[in-house]
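The values are calculated or read from the model by the stated rules, or taken from the named source; none is laboratory data. Here the structure is a predicted model, which is why all the values come from computation and not from measurement. Positions of Cβ are generated from backbone atoms using ideal geometry, with glycine treated the same way; all protein chains shown enter the neighbour counts. Each accessible area value is taken on the protein alone, full model and side chains, heavy atoms only, with ligands, DNA and RNA left out. Shrake-Rupley method; radii C 1.70, N 1.55, O 1.52, S 1.80 Å.
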Amino acid sequence: MKKTLTILGLLAVFPAGAALADDDCVVPIADWQPREAVARLAEQNGWTVARIKIDDGCYEIDGRDAEGRPIEVTIDPAKLTVIEIEYEDEDDDDDDDDDDRGDANREGGDDD
């Protein structure tokens, strides 16, 4: 009996958790605002736009915030509301850091 209640409890909660984790936009294309409206929204927020693209049915702005930090903003295409703001790491290439350490540890020439 306890096992059945546990399973039913998990089944009741699991679909709701999956829906909360979903950040895709499901909006008919006829209801979308134009890209120019997205660009105006970015300007109103003080963002510098490098690129406006569509990802998972949402508008996505790649650019910089008013303080110059790299950002990725997900926008609902119909309401033009911000779904998520992600602050990007400026140093996305970790290989540069590894190369610098490698150079500092190398010895030059022969020690014979």
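Residues that are touching a residue at least 12 places away in the same chain (Cβ under 8 Å), closer than 22 Å to Pro28 by Cα, among the β-branched types (Val, Ile, Thr) and open to solvent by 40 Å² or more (accessible area, probe 1.4 Å) within the stretch 55-85 comprise just one, Ile83. If the condition is being surrounded by 13 or more Cβ atoms within 10 Å (Cβ to Cβ), more than 12 Å from Pro77 (Cα to Cα) and either in contact (Cβ under 8 Å) with a residue 24 or more places away in the chain or of a type outside the set (A, V, I, L, M) (or both), then the stretch 41-54 contributes Ala42, Asn45, Trp47, Thr48.
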